[in-house]
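Right, one structure below, let's go through it.
What follows draws every value from the coordinates through simple rules; no lab data is involved. Note that the structure is predicted; figures quoted are calculated from it, not measured. For neighbour counting, all protein chains shown are included, and Cβ atoms are generated from backbone atoms with ideal geometry for every residue, glycine included.
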Amino acid sequence: MKQQDKQRGITLIGLIFWGGILAFLVVIGAQAVPTATEYFAIQKAVDQAAKAGPTVADIRSAYSKMADVDYISSVTAQDLNITKVNDKVVVSFAYNKEIHIAGPVFLLIKYAGQSH
């Protein structure tokens, strides 16, 4: 056998290529994780606000207080859609987050949820 047949590994160009891909994914992930964390905080606040009282004003007030504590800025109390389904209060929300990638390119993440 020739010595070339036994050699294996990655070339410098391959290493740079895969390193660039990995770095790009890490940068995008570092920007996307805080939006997901905020979504879970909003979901928790909506679940608690739905149990706060029977009126729309009670629910919005409870959500506003929780949003202030958790530093939620994407969804305000006025953005909540409050309905009643089978004598149960359902609070729903939806919003978009844009993550700038480069130039005119953005990553759009659409979040939506409702109380349980």
- Any idea which of Q31, Q48 is among the polar types (S, T, N, Q), part of a helix (DSSP H, G or I) and under 22 Å from E98 (Cα atoms)? Q31
- If you go through the range 72-94 one residue at a time, do you hit one that is surrounded by 11 or more Cβ atoms within 10 Å (Cβ to Cβ), touching a residue at least 12 places away in the same chain (Cβ under 8 Å) and part of a helix (DSSP H, G or I)? yes
- Task: Only residues that are touching a residue at least 12 places away in the same chain (Cβ under 8 Å) and among the aromatic types (F, W, Y): list them for the range 95-106, please.
- Result: Y95
- In the range 44-62, how many are under 18 Å from V85 (Cβ atoms), touching a residue at least 24 places away in the same chain (Cβ under 8 Å) and not charged (D, E, K, R)? 6
